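Here is the structure we will look at.
Bear in mind that the values in this text are calculations on the coordinates, not laboratory data. What you are looking at is a predicted structure, and each value in this text was computed from that prediction instead of being measured. A quick note on method: Cβ atoms are made from the backbone with ideal geometry, for glycine too, and the neighbour counts reach across all protein chains shown.
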Amino acid sequence: MKELLYVAITVMVFVVIFQIAKASEYVSVLKGEEKTRKQNNKINGFLFITFLILGLFGAWYCNELYYGKTLFPQGSASVEGEKIDLMLYITIAVTGVVFVITQVLLFWFAFKYQESDTKKAYYFPHNTKLELLWTTVPAIFLTILVVFGLKFWFKITGDAPKEAIVVEITGHQFAWDMRYPGSDGKLGKKNYKLYNNPSGNTLGVDFEDPESWDDLHTTEMHLPLGKPVKLVINAMDVIHDVGLPHFRMKMDAVPGIPTTLWFTPKYTTAEMKKRTGNPNFVYEISCDQICGKGHFSMRGIITVESEADYNKWLASQKPEYFTLFPSKNPLKKESVETDSTTSTKPMAQLTKNP
Amino acid sequence: MSTAILNETAQHEVHGEAHHEHHHQETFLTKYIFSQDHKMIAKQFLVTGIIWAFIGGLFSVVFRLQLADPNATYPFLEDFLGHWAKGGKLQPEFYYALVTMHGTILVFFVLTAGLSGTFANFLIPLQIGARDMASPLLNMLSYWFFFLASIIMLSSLFVQTGPASGGWTIYPPLSALGEASQGSKIGMDLWLVSMAMFIVSSLLGGLNYITTILNMRTKGMSMTRMPLTIWALFFTAVLGVLSFPVLLSGAILLLFDRNLGTSFYLSDIVVAGKIMPNEGGSAILFQHLFWFLGHPEVYIILLPAMGMSSEILSVNSRKPIFGYMAMVGSLFAITILAFLVWAHHMFVTGLNPFLGSVFVLLTLLIAVPSAIKVFNWLTTLWRGNIRFTPAMMFAIGFVSLFISGGLTGIFLGNSALDIHLHDTYFVIAHFHIVMGVASFFGLFAGVYHWYPKMFGRYLNNTLSYIHFWITIVGAYLIFWPMHYEGLAGMPRRYYDFSNWESFKNFGGLNQFISIIAMLVFAAQILFIINFFYSIWKGRKVTTLNPWNANTLEWTTPIRPGHGNWPGDIPEVHRWPYDYAKDGKDFIPQDVPVGDDESKH
């Protein structure tokens, strides 16, 4: 019933507007079309200048309302992202000036040069000097933007530092999985054909490869503060995208074509809670490439913490190999034979006798 | 010599035309349905486009309901949509289907076919002085392939698994694998077949437009005397003819991957627990093929709006367009550059950073011809004597939106910034303003300006002004704040943001945007009412040249028949922008140059 009422009201509004419009047409015939036209011209000229003023005020007000909600007041949470923030500010400055000048000229001209009987339009078909001016000036400004932009772009997309921690992140419908290389610092090989859900090998890890035996498989990402981290990005099924808005980073996850990105976290999660004033703050991984019906729920969490906490967390994780094949867990057996060796020793022995 | 021959054929046609009219009346079927008159075909494109625009717009209103309040239920939705809106709540699959169809419909069916199809058909013969298109038959087929594409796309809405739902860019593997998404089942095949038909339509049309412009201009109508509308429509057709076939090939390969077991785009995939046998393909290859059309497509949509706005700004400022040659040159530059920037949609696909840098440079280069156009439009207004006809209002609105949306392109085209902004609401704001709303403004400007020529009647002025003001204010209210959502990293194509710590504090804004979107949609209904009511009941046009314009279409009778001019086609003696020259308000193109006339 309520809906019918809404429909009736909407129809009524349309009918009223339509009738007014029709009536105004009759009025214009009575008043004389020339007179009505001039009157309309005045009204619309005035509305244009009002629109300009209210619009510029509205743009300022919108900024007041929402700038605080963007991620920019807190600054980038990664060292590399600072360059992107700087680039943004440079671009806003340049385009902002152009925006205000051109919009003001557009609506001001519309208002000022509206039809009048006392004026005549000025025959002004071209002027080479003017045209050269507004070819070269934009070209100069754009060159500046391109130079800055590409400088930052090559820095950000360049090779990751050698000491960077490597974490593999794999997207699938509709979640993220991480893999840490373990104590040997190397990720084991993968092959999608080895995917086996019942056994739990959901990433298709090649457990014939000894480098995979100490790899950790987690659903959360932990990162140490201040150390460069390189993400190796994979997808199982369709294209996903690792979006890290706080770190200003983004890279597609493409099945069959691994991609990478790297950055250096600047603030721990705890620090960000203070900076944002939001006790629930978490670094989120958003999927930024439509990937199916659960696209919007493909959320991952990154915890940035001190190196000590990070190492503690790593130590608390159990290698996937031992979870999937408990019988192969060498730590028990080996510890009986050699108790005073380093922790990598049992792995080395296993390499010889898989 | 060629002009002489053309004139001869023209003479011949005049005769043939008179002969034709004398002997047999056109039937309803040949006049309104299978018409070969370019003016009727234009109207067919326009009306079909309006119907599609209504459907596409309605879809956006429905999915904006979901974004306004993800927890609300609307029982009436279930009445209309059935299991797609179980319990009055739009289901995610159907949300994505609506988003996908909204994009597909508006980009291709409305702003390509509806805009180019209408105005290229209507204006090219009338403004260059031709009796019809080079091939009226191909022209008719162009519409009917579009109609066929429309029917197939429409039918995909009614299949059980729903229409395509992988976004209008239909990236595989999502669009290639039925296991990955409901919408990638039969709905996707229908989408691809419909697009193939659409591309055929677009090619038939485009070839015809190019041939007509190059070969059938009346005597004296040299290329540099063509109105800017014709230049813009010419470059649009060139863009379409050179880029649409690439999408066609991309779509056919995708059909093969879907149905014949090939692996053009597929490799290393485990979907829904199933290990796929496909090996060796590249998902990124499709994106290259898609955007090789996809980017020129943006200009296919935008150039006609630019051309018509140039014409309308000049006519209603009562001043020549400023820098005609620079306007043509910048259209040409945009056309060339449009082919060389496609990978700026792919900065974060793992593209080689060096290759990316080349695309940054080429992308930002487009800003130069765009800046030239903007400043030339501003100078056209300067010291004019401006009449605010509804068409003029929309043309001014077009310039404003083109500035706003064009400038945010400088953000996205710069790869370093694109890393953060890619696939966020910033992108939505950018392309809706610059290509969506701006092109719509061009379309509206064109409809308001040439309506008297199309139907011999005027639209209601009051409704037109209401339509303009609600639309421009509403468009800015909807899309301006979206830039802020984008800066916050809010991703596109999310059904629900409420579980996201980073994005959930824009709830109030999303609600506001949805309400404004509904108001703007209502204003478009006003336009549609005005449009159809005025065809039969509008005030009749009583003068040949209601806007005092220079171009040739206003030398035809108020309601021109098939063949456009009852007698000879007028000869052209000057460019179309002799306004305010030598103290005369306007000098039409067919007026011979006087001895005492000054040169410009």
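Computed quantities for the displayed model
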quantity	calculated
Rounded to whole Hz, the Karplus (6.51, -1.76, 1.60) HN-Hα couplings of segment B:134-139, x for glycine and proline	4, 10, x, 5, 4, 4
10 Å Cβ neighbours from other chains, averaged over peptide B:270-276	6
Karplus 3J(HN,Hα) series, Hz, for segment A:44-50 with 6.51 cos²θ - 1.76 cosθ + 1.60 (x for Gly, Pro)	5, x, 5, 4, 4, 5, 5
5 angstrom amide H check on residue A:223, placed H, neighbours 5+ away	A:303, A:304, A:305
Base-10 log of normalised Debye intensity for segment B:138-239 (one unit scatterer per alpha-carbon) at q = 0.19 Å⁻¹	-0.88
Least to most buried among A:281, B:244, B:45 (fewest other Cβ within 10 Å first)	A:281, B:244, B:45
Fraction of antiparallel bridges per DSSP, chain A only, in percent to nearest 5	70 percent
Eligible aspartates and glutamates near residue A:189 by straight Cα distance, threshold 17 Å, same-chain separation 8 or greater	A:168, A:177, A:206, A:208, A:209, A:211, A:214, A:215, A:320, B:268
Residue order, fewest to most surrounding Cβ atoms within 10 angstrom, among B:453, B:219, A:2	A:2, B:219, B:453
Among A:95-107, A:304-316, the order from most to least packed when residues are scored by Cβ within 10 Å on average	A:95-107, A:304-316
Peptide-level mean, for A:19-26, of C-beta atoms on other protein chains within 10 Å	4
Scattering profile of segment B:430-552 at q = 0.11, 0.14, 0.18, 0.22 Å⁻¹ [log10 I(q)/I(0), Debye over alpha-carbon scatterers]	-0.52, -0.71, -0.96, -1.25
Burial ranking of peptide ranges B:478-489, A:35-46, A:4-15 (average Cβ count within 10 Å, highest at the top)	B:478-489, A:35-46, A:4-15
Helix-derived mean residue ellipticity, 222 nm - over the protein assembly as shown, DSSP H n ≥ 4, -39500 (n - 2.57), to 500	-18500 deg cm²/dmol
At 1.306 mPa s and 10 °C, Stokes diffusion of segment B:33-584 via Kirkwood alpha-carbon radius, µm² per second	66 µm²/s
Averaged over A:238-249, number of beta-carbon atoms from partner chains that fall within 10 Å	6
Å³ per residue enclosed by the Cα convex hull of segment A:165-327	117 Å³
Fraction of alpha-carbon pairs over 25 Å apart in chain A - percent	70 percent
Lysines whose Cα lies under 17 Å from that of residue B:599, excluding same-chain neighbours fewer than 8 positions away	B:319, B:581, B:584
Other-chain or far-sequence residues with amide H under 5 Å of residue A:218's (modelled H)	A:178, A:179, A:180
Segment B:412-480: Rg to Rh, with Rh as the Kirkwood radius over Cα pairs	1.17
In order through segment B:204-218: 3J(HN,Hα) via Karplus (6.51 cos²θ - 1.76 cosθ + 1.60), integer Hz, x for Gly, Pro	4, x, x, 4, 5, 5, 5, 4, 4, 5, 6, 10, 10, 6, 6
Taking B:582, B:69, A:215 and counting other C-beta atoms within 10 Å, the order from fewest to most	B:582, B:69, A:215
Relative contact order [Cα under 8 Å, 6+ residues apart], chain A, whole percent	16 percent
0 to 90° range, to nearest 10: angle between helix A:307-316 axis and chain A longest Cα axis	60 degrees
Cut-off under 5 Å, modelled amide H: who pairs with residue B:174 long-range	A:239
Rg in Å to one decimal, and Dmax rounded to a whole Å, for the protein assembly as shown via C-alpha atoms	30.5, 113
Approximate shape of segment B:335-483 as ellipsoid semi-axes (Cα gyration tensor, √5λ), whole Å, largest first	34, 17, 13
Greater than 21 Å apart at Cα, pairs in A:250/B:274; A:162/A:186; A:193/B:274; A:186/A:227; A:186/A:230	A:250/B:274
For q = 0.25 Å⁻¹, Debye-computed log10 I/I(0) when each Cα of segment B:371-443 counts as one equal scatterer	-1.09
